[in-house]
Amino acid sequence: MSGNHVAATRRVVVFDTTLRDGEQSAGVAFSARDKVEIARALADLRVDVVEAGFPGASLAEVEAVRAVAREVRDVVVCGLARAVAADVEAAGEALHEAARSRIHIFVNSSDMHLAHQLGKGREQVVRLATENVRRARHVTPDVEFSPMDATRADWDFLTELVTAAVEAGATTINVPDTVGCARPTTIAALFRHLHATVPGADGVTFSFHGQDDLGLATANALAAVEAGAGQVEVAVNGIGERAGNTSLEEVVLALRVHGSEIGVHTSVDPRGICPLSRLVEQRSGIPVPPNKAVVGANAFRHASGIHQDGVLKFRETYELIDPEEIGHPVGTEIVLGKLSGRAGFRERARQLGFALEGELFEAAFQRFQAQADRQPVVEDADLRKICRPVAAA
Ligand code: KIV
């Protein structure tokens, strides 16, 4: 994996929303302790912003965000707020003790949402955004604004709404793909459109928030970054509303692999990625699928003969990422099954102390293949039973 070539590249801010949009996953409820522990791990990973929750939702949420703000000092702590006074006040109350705080204001922006959810016209929405961004600026100089459902909104209206938010003092403009309907080319075009049409665009950070309904969230985030976005919103293990959010681990690793080509880097220290993934898996109760990119259990397991042979000769033939670099607890693994070949079998037998050669090796390998036809994985115990009588012969 090519490293993170920091020199002369622009830094992309990593905004983690595991504790807010991640908690919107069906069935997930983090306790205040969970939130503090996860926020601590995120700060240790050196993400830039932790969105700790939605204080307007309940008093318990105010307390949970307050606990994160009080205890996790070395990161910006953010609270979400609708563009209504009560939410902005709740966020202000929750973030009062933070070393550095951000309020994230959002309001619906597509005509569908305005007509069928909010029941307000475009002018009213612009007014709500202006009033509440200003209100938030009285609490903190760091205010993010999101036009919700931006990827289904009219682009001229988005320009008008975002311009109003920038004039009212928003310092980050986040573009949410709320239902995960966008594709990379339209995301890139939308970022270029906003940059070209919003007066003062150079003075604010543009951000992308993706949902994964079509499995395109990471690709869309990369397209946004290539089109100039200075922030990406992500969640650990990609948890979040419905099919989830853009995965932190995917974006961070994709930007490590492609960062020097794109001209960007992040501050994230990848060594904490696997431990953090396990922590979020435990606390959220959402199991990480085995084939999940970067952090899935199979991410560094090799089962087929050709891949095993290659990886044993030179790891990078079939591994893009160095498992050690992301704190993987096991690392590269050779898993024996019916598609495995002699190289993988020889290596695993050797690790168990059976250095078989010539005819003895062939005899053991035939026994292994017969066993592998009967069961999906040939474990160490099976391997010992296969090799011991041959070695003793
Ligand atoms: O998906 C979404 O639109 C959001 C916004 C509040 C950023 O979560």
Between GLU63 and PHE314, what length comes free when the chain is fully extended (0.36 nm per residue of separation minus the Cα-Cα distance, one decimal in nm)? 85.2 nm
Residue by residue, what Karplus-based ³J(HN,Hα) values in Hz, rounded to whole numbers, does segment 15-26 have, using 6.51, -1.76 and 1.60 with θ = phi - 60° and x for Gly and Pro? 10, 9, 10, 3, 7, 10, 5, x, 6, 7, 5, 4
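When the gyration tensor of segment 6-284 is built from Cα positions, what are the square roots of 5 times its three eigenvalues, in whole Å, from largest to smallest?
On the way: eigenvalues 126, 105, 60 Å².
They are 25, 23, 17 Å, listed largest first.
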Name the residues whose placed amide hydrogens come within less than 5 Å of the amide hydrogen of VAL175, ignoring near sequence neighbours (fewer than 5 apart) on the same chain. SER207, PHE208, HIS209
Hey, what do the phi angles of segment 176-193 turn into as Karplus ³J(HN,Hα) couplings, whole Hz, using 6.51/-1.76/1.60 and θ = phi - 60°, x for Gly and Pro? x, 9, 4, 10, x, 9, 7, 10, x, 5, 6, 4, 4, 5, 5, 5, 5, 4
Scan around CYS78 for amide H atoms under 5 Å from its own, H built in the peptide plane at 1.01 Å from N, and keep only partners 5 or more places away or cross-chain. VAL50, GLU51, ALA52, ARG102
What is segment 261-345 by shape, rounded, prolate or oblate, if you read a ≥ b ≥ c off the alpha carbon gyration tensor as root eigenvalues and call it rounded for a/c under 1.5, prolate for a/b larger than b/c, and oblate otherwise? oblate
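Place a +1 charge on the Cβ of each Lys and Arg in the chain and a -1 charge on the Cβ of each Asp and Glu, then give the dipole magnitude about the Cα centre in debye, rounded to the nearest 20.
On the way: 41 positive and 53 negative charges, 153 e Å.
Using Cβ point charges on Lys, Arg, Asp and Glu, the chain gives about 740 debye.
Around PHE191, with a cut-off of 15 angstrom between Cβ atoms, what is the net charge of the other residues, counting Lys and Arg +1 and Asp and Glu -1? Walk me through the numbers before you get to the answer.
Numbers: positive: ARG10, ARG183, ARG192; negative: ASP177, ASP202, GLU226, GLU233.
Here the count lands on -1.
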Considering the options ALA153, ALA221, GLY27, tell which one lies farthest towards the positive end of the dipole of the chain, charges being +1 on Lys and Arg and -1 on Asp and Glu at the Cβ, about the Cα centre. GLY27
Once amide hydrogens are built 1.01 Å from N within the peptide plane, the residues lying 5 or more places from VAL268 or on another chain with amide H under 5 Å from its amide H are none
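What length, rounded to one decimal in nm, is gained on full extension from ALA381 through to GLU362, with 0.36 nm per residue of separation minus their alpha-carbon distance?
Values: separation 19, 0.36 × 19 = 6.84 nm, distance 1.93 nm.
Extending this stretch completely gives an extra 4.9 nm.
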How large is ³J(HN,Hα) for each residue in segment 154-169, as worked out from phi by the Karplus curve 6.51 cos²θ - 1.76 cosθ + 1.60 (θ = phi - 60°), to whole Hz, x for Gly and Pro? 6, 5, 5, 5, 4, 4, 5, 5, 5, 4, 4, 5, 5, 5, 7, x
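Taking K and R as +1 and D and E as -1, what net charge do the other residues with C-beta under 14 Å from the C-beta of ASP382 add up to?
Working: positive: LYS338, ARG348, ARG367, ARG374, ARG384, LYS385, ARG388; negative: ASP373, GLU379, ASP380.
Net of charged neighbours comes to +4.
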So, in nm, how far is label THR197 from label ALA392 when the simple model puts each one 7 Å beyond its Cα toward the Cβ? 7.9
Projected onto the charge dipole of the chain (+1 at Lys/Arg Cβ, -1 at Asp/Glu Cβ, origin at the Cα centre), which of ASN298, ALA254, GLY238 gives the Cα projection farthest towards the positive end? ASN298
Positive-end extreme of charge dipole, the chain - chosen from ALA164, LEU352, PRO270 (charges on Cβ): LEU352
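Under 9 Å from the Cβ of VAL288, count the other residues' Cβ atoms, weight Lys and Arg +1, Asp and Glu -1, and hand me the total. Please list the in-between numbers first.
Numbers: positive: ARG278, LYS292; negative: GLU281.
The answer is +1.
If you restrict to DSSP beta bridges whose two residues both lie in the chain, what percentage is antiparallel, to the nearest 5? Write out the running numbers ahead of the final one.
Details: 1 of 39 bridges.
Beta bridges within the chain, antiparallel portion: roughly 5 percent.
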At most 11 other Cβ within 10 Å, DSSP loop - GluC sites (Glu not before Pro), segment 273-366: GLU357
Stretchable slack from SER267 to ARG33, in nm (0.36 nm times residue separation minus alpha-carbon distance): 81.7 nm
In square nanometres, what is the average projected area of the Cα convex hull of segment 216-302? 6.1
Once the Cα atoms of segment 301-392 are picked out, what are the Rg and Dmax in Å? 13.5, 42
Give me the one-decimal nm value for the distance between modelled label points at ALA370 and ARG134, 7 Å along each residue's Cα-to-Cβ direction. 8.5
Return the lysines within reach of LYS313: Cα separation strictly under 28 angstrom, same-chain partners fewer than 8 residues apart disregarded; answer none if there are no such residues. LYS292, LYS338, LYS385
Over the chain, what is the relative contact order in whole percent, taking alpha-carbon pairs under 8 Å and six or more residues apart? 15
Length-normalised contact order of segment 301-392, Cα under 8 Å, at least 6 apart, in percent, tallies to 29
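Each value in this text was obtained by applying a stated rule to the coordinates, not by laboratory testing. Computed from a predicted structure; not experimentally measured. No Cβ is skipped: glycine too gets one built from the backbone with ideal geometry, and neighbour counts run over all protein chains shown.
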